[in-house]
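Worksheet: the structure to be examined is printed underneath.
The values are calculated or read from the model by the stated rules, or taken from the named source; none is laboratory data. Remember, it's a predicted structure, so these values are computed and weren't measured experimentally. So basically every Cβ, Gly included, is an ideal-geometry build from the backbone, and we count neighbours across all protein chains shown. Note: areas computed on protein heavy atoms with side chains; ligands, DNA, RNA excluded. Shrake-Rupley method; radii C 1.70, N 1.55, O 1.52, S 1.80 Å.
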Amino acid sequence: MLCSLAASSSRLCVNSLVSTSFLRPFHTTPLAQGVFMKKQKKIDPEVAKAREHRKRKKLEREIREMLKHSKKSKPIDEMTIDVISAKNINERRRPPTVLTSEQLDERAVIFKNYTRSRAHLMIADDEWIRTAFYQQKNALNELKKLDLKLYEEAVKPSRVQLPLVIHGPTLTPPAENYDAPDGEYIDTTRTWV
Amino acid sequence: MRLTGLIRSVAATETAKKTAQEGLKWDIFTSVIVMRPAVIAPPMIEVEQKYAESALQQEFEGSLTNSFELKTKKDEELLKRRDELERQGKELSELDGQLGITNFMKLDDWVKNADELAKKFKFDNPKAFEADDVRSLSRALDRKLVLLVKQRFGDKKYESPWILPQLKYNNEASLRETAERCIGEITSGNVEVALHGNAPVAVHTHKYQGPIKSKTGTGADGAKIFFYTASLAKKAKFTTNQDEVVDFQWVTSEEFENLVINRKYRNRVKHIFYE
């Protein structure tokens, strides 16, 4: 009987999808529908109002605080101006330099020569890398012909600690017998909330 | 297929190896190129020098004066005013509190301090740290140096020409191990040397001529020398094993060209000297 009822209800439910009115056979006791198990105390409406007001204020304050912080972005030092120096900025301008055509030519020649030297350097670098690759390939091929086992050992990746950091060369050699003065490490990195 | 396999199994028991294609037997050697990288940067070439000066000048022209320069200008004016007042025989009270420590005094102090420090630690003359000795690690500080040796190869009467240190392969698991052994053989004490990679960087084929062939005792027709690179740790002390190494030098690329006779041998490792 329940089966047929469920079947008929499913058919009827096509029009009203959320309807539960057909599930009459399920009964609950009035006890389960009871909201308060204990008798509620009556609160003074004035007190309740005050409480509500306080709650609302607290939330509003929090929202205001959050908005304040979200608007503030991390300052970009490069894009801000030094206020003290900016006060007399007109005093700080140098007189414009006037160059003769010879001076301009000289500068152009220097720049051209430098560019040319960098290009040569690049070509030399390229040649060096190609040679290194060629020589190593050649060496590995020869080794392969001689002994396959040794070749297989040679092409295994080596245990290199990566990233590899190489210091130097410096402008002056390390000073001999130099006693570095004692000091404390103070981290001056700025932080933002 | 079976033939090459046979050759390989035979070759594994000997130190001299045979290649199937050429039908020649080869001794395998491993050579280590021990490098001391440049300690200081080389001086700028003329083109670089000129460009650096020009770029600095242009940057200066486009810049604003800084506070120190402004103060210098103000000091100059004040000094001029003082001189004028002194000439007129007036009192200097109007300048009170204005002329403190002038920038000229500060600059003098700084220059003096810098000069003192430079003299003390020889900053002004890096060449003062250099040694003339070809065996010294502190020679030619701005160049890459490579170790050249005259080796005995276990024969007390023998002395090789100037070569990169080398050692015959002796059934080690890999050529890198032979290279490590080679470093151990030519040095004495604790020398910090780091080998680079498992693969050789170059190979040189050397054919034995005349009586040497019978002298080696392996019946090989020549030697294949596989090169590995290694670099000396910073501040490492270097001492050689005197039983094995007759003489040694730390050479630059030009010196290498002059000291090593075999042109083919030189060409195989020339690129290592690139700076």
Total accessible area lost when B and A pair, probe 1.4 Å, Å² to nearest 100: 4500
Please name the residues of the range B:202-221 whose accessible area, counted over protein heavy atoms with a 1.4 angstrom probe, falls by no less than 40 Å² between the chain alone and the full protein assembly. B:Val203
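Please identify the trypsin sites (Lys or Arg not before Pro) of the range A:34-112 that satisfy two criteria: DSSP loop assignment and at most 15 other Cβ atoms within 10 Å. Which are they?
A:Lys38, A:Lys39, A:Lys41, A:Lys42, A:Lys72
Rounded, prolate or oblate: which one fits the protein assembly as shown, using the alpha carbon gyration tensor with axes a ≥ b ≥ c (rounded when a/c is under 1.5, else prolate when a/b beats b/c, else oblate)?
The shape class here is oblate.
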What whole-number value in Å² describes the accessible area per residue of the protein assembly as shown for a 1.4 Å probe? 75
Dividing the alpha-carbon radius of gyration of the range B:94-143 by 2.2 N^0.38 Å (N being the number of residues), what value is obtained? 2.06
Within the range A:118-159, the residues whose backbone N lies under 13 Å from a label point placed 7 Å from the Cα of B:Lys213 along the Cα-to-Cβ direction are none
Using a Gaussian network model of chain B whose springs link C-alpha atoms within less than 10 Å, name the residue from B:Val191, B:Val47, B:Val32 with the highest mean-square fluctuation. B:Val47
With all protein chains present and a 1.4 Å probe, the order of A:His69, A:His27, B:His196, A:His167 from largest accessible area down is A:His27, A:His167, A:His69, B:His196
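Can you give the FRET efficiency for A:Asn177 and A:Val47, using 1/(1 + (r/R0)^6), R0 = 51 Å, r = Cβ-Cβ distance, to the nearest 0.05?
Approximately 0.05, to the nearest 0.05.
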If we restrict to alpha carbons, what Rg and Dmax does the range B:50-128 come to, in Å? 18.7, 56
What is the set of long-range amide H partners of B:Asp27 at a cut-off below 5 Å, with H atoms built 1.01 Å from backbone N? B:Lys17, B:Asp221, B:Gly222, B:Ala223, B:Lys224
For the range B:29-43, which residues drop by 30 square angstrom or more in accessible area between the chain on its own and all protein chains together (1.4 Å probe)? B:Val39, B:Ile40, B:Ala41
Return the carbon/sulfur percentage of the accessible area of the protein assembly as shown, one whole number, probe 1.4 Å, all protein chains in place. 56
